[in-house]
Amino acid sequence: MKLGEMKCGSAAKIIRTSGPEALQTRLLEMGFVEGSLVEVLFEAPWGSDPIAVRVRGSLVALRRNEANWIEVES
Amino acid sequence: MSLVALAGNPNCGKTALFNAMTGGRQKVGNYPGVTVERKEGVANLDNRGSIRVLDLPGTYSLSPRTPDEEVTHDVLFGKLAGEEAPQAIVAVADATNLERSLGFVIELTQLKKPIVLALNMMDLAEKRGLKLDLKALERELGMKVIPTVAVDGQGREDLIERSLEMLSQVDRSTFIPHDFSEEAKDVHARFKRVDTILKASIQKQVARSVISEKIDHIVLHPFWGSLVLLVVLALVFQAVFTWSATPTEWIEGGVAWLGTQVGLFLGDGVLKSLVVDGIIAGVGGVVVFLPQIILLFLFVLLLEDSGYMARAAFLMDRVMGSVGLHGRAFIPLLSSFACAIPGVMATRTIENRRDRLTTILVAPLMTCSARLPVYSLLIAAFIPNKSVFLGLGLQGLVLLSLYVFAVVTALAVAYVFKRTLFKGEKPILLLELPTYKIPSWKSVLLGLRERAGLFIKRAGTVILSITVILWFLSSYPKAPVNATQPAIDYSYAGKIGHAIEPLIQPIGFDWRVGIAFIPGFAAREVMVSALATVYAVEGKDEEATAQSLGDTLAKNWSLATGLSLLAWYILAPQCLSTLAVVRRETNSWKWALFMLVYMTALAYLLSFVVYRVTIALGGG
């Protein structure tokens with residue numbers, strides 16, 4: 001499953017983060033690394049996008065499109 | 001004096017710590033060649049000595065991608081030309097968020113420079129239950145760890161003392177951290193190392209911030225969150241538009257009073273004209289913006305410091321993103337309805353350079369309050385005061401449509417710029433929503449002082465000198481003794497007005513309008529008094545003057561000319577102060593000139609169309 005497909009309120013564990021190099025490093029640096037837990041806490045009005053995700057102790061907002069580069073398992 | 005650099009993630013309280021260390025004795029400038037702000041200060045400890053402290057931009061890593069990250073990277077590696085490499089580093093980490101912020105600290109060890117770690121917001125972390133074995137953490141990292149609470153100065157002395165030790169030749173080597181070698185360069189390995197370190201040093205995990213999450217359940221709620229955002233926006237707008245009016249009037253009154261007093265003292269003559277109409281009016285023209293700038297930045301700083309700004313950007317991402325603007329662009333654009341100057345200055349919160357430039361370039365298209373006197377004059381003169389629909393007046397409708405047209409144009413221009421000039425990958429949204437906190441008044445006041453000071457120093461000098469030039473152009477040469485026309489006709493402005501008549505004639509303006517453009521360039525509302533001068537209209541007060549000027553224009557101009565000038569004012573960059581601020585904020589005249597050219601071209605085009613269409617419809 002992908003992070004971008006997760007429902008608001010659900011939690012999962014990151015398996016792999018891929019994507020274009022610049023984006024991938026960015027995501028990794030924000031803490032979206034293999035093994036970290038993620039929890040989708042909020043979504044913006046109008047199309048439920050972007051989402052706000054708790055990862056490695058902080059709350060990070062990103063668009064579902066980019067979140068789809070992050071593979072998770074619940 | 002030796003230099004230490006503060007480095008850390010955004011939102012870790014690094015700037016608050018910098019303020020605590022230096023006590024507000026700071027120099028703010030720009031790094032050579034870029035628009036990234038450079039902050040340096042001096043920290044001293046009684047009898048022990050002083051150090052210079054550099055507050056680096058907050059970043060999540062050392063890989064240089066944004067201008068901020070590039071500066072941090074280049075300064076730390078000593079690669080930025082004209083910038084000295086710091087001799088030692090104070091790494092700053094958010095104690096409530098060690099899992100993420102220690103990753104950057106590990107990355108910093110590859111510099112092989114003396115380093116200490118400031119664990120900031122320690123009070124909040126302990127309140128949320130963190131139990132940390134500091135000795136174990138120091139052992140694992142191989143660096144001294146100092147718990148700090150930047151907002152009330154806790155840990156300040158300890159930090160300065162350790163920094164002094166780091167810089168002394170004797171102790172220097174003891175501050176070189178563990179060699180994590182290859183680990184430091186790979187992000188996966190870094191976080192793995194962080195997990196190991198935390199396992200060894202944390203006795204009790206920090207709990208999630210219940211309060212912050214509770215607030216977010218309202219603030220980020222699809223319905224309530226939108227409502228909160230609307231209220232915040234309305235409040236900001238109200239402050240910049242309405243609350244600033246009274247102090248602005250005081251300043252205007254004060255400047256006018258000063259002008260009169262000095263005028264009486266100097267007696268009629270060249271000197272009086274220079275001092276009163278040139279210098280005092282010029283200084284007044286700078287100071288008059290301060291209430292709006294201070295009020296807007298009070299809100300911007302409070303919203304940033306409290307953590308709400310990032311939430312607002314999150315909520316607005318969809319809307320602003322549809323024209324290619326960043327979610328954070330809405331505060332600058334909203335405040336530009338009052339005045340583009342604080343608006344342009346507020347674009348600093350947008351990190352991406354292309355997004356920021358686009359926002360700066362379209363901000364002056366928003367209908368600022370200085371256009372209102374011109375709009376009122378022309379609408380009263382050329383739009384019949386009749387009710388069209390359900391008591392809605394035609395004049396009001398025209399005014400509303402001017403506003404709507406300006407917004408639509410600004411969004412369209414932003415859309416075009418993002419697809420041409422600032423083409424490139426759509427910037428990604430990856431935004432930390434920091435834990436809410438109560439803003440520190442000290443930081444906010446320091447920030448306000450800094451903004452106001454920068455405006456006066458940088459933009460103020462340009463505004464003042466151009467005002468004096470415009471005064472000169474409008475006053476010299478003097479009218480001959482037997483002059484039949486208003487004095488301004490004989491001046492350089494008069495000559496320029498006549499000279500540009502062929503250029504502006506196709507859009508319905510004659511040389512009189514051309515003349516009024518010159519002093520009117522000082523600020524849009526000056527156009528009204530400039531036109532009054534050219535048409536030699538005088539009334540007993542401002543209102544009476546505008547009234548009789550309106551009558552005069554209605555008699556002298558065709559409907560087409562009136563509408564054309566109205567159209568001109570929607571788009572034309574008739575404001576040198578804005579251009580001066582754009583120059584200051586983009587660090588080059590290039591973008592200011594580009595703005596001047598593109599806005600003038602658009603205005604000319606619109607005026608041309610309006611003029612010709614009105615004539616074709618019989619309004620000539």
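Counting residues in the stretch B:574-591 that are in a loop (DSSP other than H, G, I, E, B) and touching a helix residue (DSSP H, G or I) at 6+ places or on another chain (Cβ under 9 Å) gives one or more. Restricting the first member to the stretch A:52-74 and to residues that are assigned to a loop (DSSP other than H, G, I, E, B), and the second to residues that are among the acidic types (Asp, Glu), the beta-carbon pairs closer than 6 Å and six or more apart or on different chains are A:56/B:99; A:57/B:99; A:63/A:49. Residues that are part of a helix (DSSP H, G or I) and either at pLDDT 85 or above or farther than 20 Å from residue B:447 by Cβ (or both) were ranked within the stretch B:347-356; the one that is most open to solvent (accessible area, probe 1.4 Å) is B:353. Applying a threshold of 9 Å to beta carbon distances and a minimum spacing of six or more residues, or different chains, the list of pairs starting in the stretch B:262-279 at a residue that is among the hydrophobic types (A, V, I, L, M, F, W, C) and ending at one that is part of a loop (DSSP other than H, G, I, E, B) reads B:270/B:478. I need the full set of residues from the stretch B:419-462 which are of a type in the set (Lys, Arg) and either within 14 Å of chain A (Cβ to nearest Cβ) or in a helix (DSSP H, G or I) (or both), in order please. Within the stretch B:419-462, B:419, B:426, B:437, B:442, B:449, B:451, B:457, B:458 qualify. Go through the residues of the stretch B:516-526 one by one and say whether even a single one is open to solvent by less than 10 Å² (accessible area, probe 1.4 Å), among the aromatic types (Phe, Trp, Tyr), in contact (Cβ under 8 Å) with a residue 24 or more places away in the chain and within 26 Å of residue B:620 (Cα to Cα). Within the stretch B:516-526 (the criterion being open to solvent by less than 10 Å² (accessible area, probe 1.4 Å), among the aromatic types (Phe, Trp, Tyr), in contact (Cβ under 8 Å) with a residue 24 or more places away in the chain and within 26 Å of residue B:620 (Cα to Cα)), the answer is no, since none of the residues qualifies.
I'd like to check something: does the stretch A:38-49 contain any residue that is closer than 21 Å to residue B:59 by Cβ and either buried (at least 19 other Cβ atoms within 10 Å of the Cβ) or not aromatic (Phe, Trp, Tyr) (or both)? No, the stretch A:38-49 contains no residue that is closer than 21 Å to residue B:59 by Cβ and either buried (at least 19 other Cβ atoms within 10 Å of the Cβ) or not aromatic (Phe, Trp, Tyr) (or both). Each residue in the stretch B:59-75 was checked for being touching a helix residue (DSSP H, G or I) at 6+ places or on another chain (Cβ under 9 Å) and either open to solvent by 20 Å² or more (accessible area, probe 1.4 Å) or on the phi > 0 side of the Ramachandran plot (or both), and 6 pass.
Among the residues of the stretch B:31-58, just one is open to solvent by less than 40 Å² (accessible area, probe 1.4 Å) and farther than 18 Å from residue B:86 by Cβ, namely B:45.
Criterion applied to B:503, B:531 was being farther than 24 Å from residue B:376 by Cα, out of contact with any Pro (no Cβ under 9 Å at 6 or more places or on another chain), hydrophobic (A, V, I, L, M, F, W, C) and not in a loop (DSSP other than H, G, I, E, B), and the one residue passing it is B:503.
Considering the stretch B:182-215, the residues that are among the hydroxyl-bearing types (Ser, Thr, Tyr) and open to solvent by less than 60 Å² (accessible area, probe 1.4 Å) include one that is farthest from the other protein chains (Cβ to nearest Cβ), namely B:201. With respect to (1) at pLDDT below 90; (2) farther than 30 Å from residue B:52 by Cβ; (3) in contact with a strand residue (DSSP E or B) (Cβ under 6 Å, 6 or more places away or on another chain), the lone exception for residue B:242 is condition (3). The single condition from (1) open to solvent by 70 Å² or more (accessible area, probe 1.4 Å); (2) farther than 27 Å from residue B:62 by Cα; (3) outside any helix (DSSP H, G or I) that residue B:129 fails is (1).
Note on the stretch B:472-494: among residues that are of a type outside the set (Val, Ile, Thr) and out of contact with any helix residue (DSSP H, G or I) (no Cβ under 9 Å at 6 or more places or on another chain), the one that is least open to solvent (accessible area, probe 1.4 Å) is B:490.
Take residue B:399 and tell me if it is within 26 Å of the chain's Cα centre (by Cα) and either modelled with pLDDT under 90 or open to solvent by less than 20 Å² (accessible area, probe 1.4 Å) (or both). Here the answer is no, as residue B:399 does not meet what is asked. The residues of the stretch A:1-42 that are at the interface with chain B (Cβ under 8 Å from one of its Cβ atoms), out of contact with any Gly (no Cβ under 8 Å at 6 or more places or on another chain) and assigned to a strand (DSSP E or B) amount to a single one, A:42.
The condition of being out of contact with any Pro (no Cβ under 8 Å at 6 or more places or on another chain) and not in a helix (DSSP H, G or I) holds for only one of B:207, B:239, that being B:207. Name the single residue that is nearest to residue A:36 (Cα to Cα) among those in the stretch A:53-74 being of a type in the set (Val, Ile, Thr) and more than 9 Å from every other protein chain (Cβ to nearest Cβ). Applying the filter and picking the extreme gives A:72.
Taking the conditions (1) surrounded by fewer than 18 Cβ atoms within 10 Å (Cβ to Cβ); (2) under 21 Å from residue B:310 (Cβ atoms) in turn, residue B:424 satisfies each one other than (2). Every listed requirement among (1) away from every other protein chain (no Cβ under 12 Å); (2) more than 22 Å from residue B:45 (Cβ to Cβ); (3) hydrophobic (A, V, I, L, M, F, W, C); (4) outside any helix (DSSP H, G or I) is met by residue B:170 save one, (2).
The values are calculated or read from the model by the stated rules, or taken from the named source; none is laboratory data. Keep in mind that what you see is a predicted model, and the values were worked out from it rather than measured. Virtual Cβ from ideal backbone geometry, glycine too; neighbours counted across all protein chains shown. Note: areas computed on protein heavy atoms with side chains; ligands, DNA, RNA excluded. Shrake-Rupley method; radii C 1.70, N 1.55, O 1.52, S 1.80 Å.
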